[in-house]
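Notes follow once the structure below has been shown.
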Amino acid sequence: MRSRGKKKSMLALAGLVPAVLLALSAIPAGAQTAAAASPSRGPIPIYDAAHEITVNGTVQEVVTKRVPGSPVGMHLLVTGATGTVDAHVGPFLPKTAQEALHIGLPLQVVGVTVTIRGKQMMLARELKYGGQALILRSKGGVLLHPALFANSAAFRKNPWLTMNGGAQ
């Protein structure tokens, strides 16, 4: 009786393999190529550090309420020599940093420009203002959160703020 059940299972599996292969062959060959060619058009933008830019400008607006179609967290509209940039700074800023970022503040933003749902914005990795550097993302573009650095004494003291090139 057992061997008969095994034979049915094997036959079912044997019939499933060609069906899966047929389904896979139906996927267009260019589907992966198109996705790789435009990495920031998908729902999750890719941070490409090779394309980092620096924008020097002045904060024109601080956006704290979520705008549909844009990433969660604070955005700064920064006007510089090349126009206005929507800089996403993320949801993990400490209250003191949120209060320090205000309209009229001159600053420097380092990050990567991406397109999300047809809208161009900058994923800010670092903000520099008033002689301070606020680190928002890792060099790979991952938003930093204080829980990630719970074992680091420097980051326990202040995970975002560095002065003169390093956490003190």
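The values are calculated or read from the model by the stated rules, or taken from the named source; none is laboratory data. Values in this document were obtained by computation on a predicted structure and should not be read as measured data. Counting neighbours? That spans all protein chains shown, and the Cβs are built from the backbone with ideal geometry, glycine included. All accessible areas refer to the heavy atoms of the entire protein, side chains included, with ligands and DNA or RNA removed. Shrake-Rupley method; radii C 1.70, N 1.55, O 1.52, S 1.80 Å.
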Among the residues of segment 81-99, which ones are touching a residue at least 12 places away in the same chain (Cβ under 8 Å) and surrounded by fewer than 10 Cβ atoms within 10 Å (Cβ to Cβ)?
-> A81
Identify, please: which residue in segment 118-144 is of a type outside the set (G, A, S) and not in a strand (DSSP E or B) and is, among those, nearest to H75 (Cα to Cα)?
-> L136
Per the filter on segment 48-69, residues without any contact (Cβ under 8 Å) to a residue 60 or more places away in the chain, open to solvent by 50 Å² or more (accessible area, probe 1.4 Å) and among the hydrophobic types (A, V, I, L, M, F, W, C) are A50, V67
For V72, indicate whether it is surrounded by fewer than 13 Cβ atoms within 10 Å (Cβ to Cβ) and in contact (Cβ under 8 Å) with a residue 12 or more places away in the chain.
-> yes
